[in-house]
1. Taking the chain as a Gaussian network, Cα atoms linked when under 10 Å apart, which of R64, R77, R158 shows the biggest mean-square fluctuation?
2. Go ahead and collect, in residue order, the members of region 12-34 whose backbone nitrogen is under 11 Å from a label point 7 Å along the Cα-Cβ direction of L122.
3. State the answer as a single residue: which of F65, A81, G176 lies farthest towards the positive end of the charge dipole of the chain, with beta carbon charges of +1 for Lys and Arg and -1 for Asp and Glu, about the Cα centre.
4. Expressed as a rounded percentage, what relative contact order does region 130-205 have, with Cα pairs under 8 Å and six or more residues apart?
5. So, by mean Cβ neighbours within 10 angstrom, what's the order for 116-122, 92-98, 142-148, 12-18 with the highest one leading?
6. Using 0.36 nm per residue, how much length does the chain from D165 to V204 gain when fully extended, once their Cα-Cα distance is taken away?
7. When a/c reaches 1.5 or more, the comparison of a/b and b/c decides; with that in mind, is region 130-205 rounded, prolate or oblate per its Cα gyration tensor?
8. Given L200, G187, A164, which one lies farthest toward the positive end of the charge dipole of region 130-205, if we put +1 on the Cβ of every Lys and Arg and -1 on the Cβ of every Asp and Glu?
Amino acid sequence: MDDVWTMVHAERAALVEDLRGVDAARWDTPSACAGWSVHDVVAHLVDSARTTKLGFVAALVRARFDFDRLNERGVARERGAAPAETLERLARVVTRTGSPPAPLDTRLVEEVVHGEDVRRPLGLAHTYPIDAVVRALRLQVRTPASFGGAKERMAPLRLRATDADVVIGDGPEVRGTALALLLAVSGRPVRPDELAGPGLAALVAGS
């Protein structure tokens, strides 16, 4: 458990530092998370870091068990009047250890996938710990789509990481870095040269 929080805290801190040099106007850039701007994603990360098990259940009830409504309310609550305000809110929650009632590795999914939702559209590069990416990938492929995962999409495919000892599934293969595979199974766009293999078309079609 401690190693997960160590990675999560490091990724939050790294994103704060990356965003300190980004002009406020660029926070309106559409993120890789459909329908959300960069500013929205950062606000969501603040909300996610503040979430507790009991708070999550109460908020979900108030949202009538609609996860999209729950997330939108969290973004509205934590999005500051200006990017600098939202960034400082993120800085203040870097070391928090709250979590919704879900596997702890979901915190790695949040930080890695949403980290790239922000960085890629802004042209920012970052190297994530391979263990964090692999743990997030393994969780995503066994989590049902109804809970934000890719279990159904992955069922007929095999994923092979080119930068880690990871092979998941049995079927037409998709090859790429663990990060590219994680983004793809999470429904995010990747560059054409990041993935290859006979299963790629099926993976993209299911995104």
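1. R64
2. 14-29
3. Working it through, the farthest residue towards the positive pole turns out to be F65.
4. 27
5. 116-122, 12-18, 92-98, 142-148
6. Here the answer is 11.7 nm.
7. Rounded is the answer for region 130-205, as its axis ratio a/c remains below 1.5.
8. It is G187.
None of the figures in this text is laboratory data; all of them are computed from the coordinates on show. Given the structure is predicted, the values throughout are model-derived calculations rather than measurements. We place every Cβ from the backbone using ideal geometry, glycine too, and count neighbours over all the protein chains shown.
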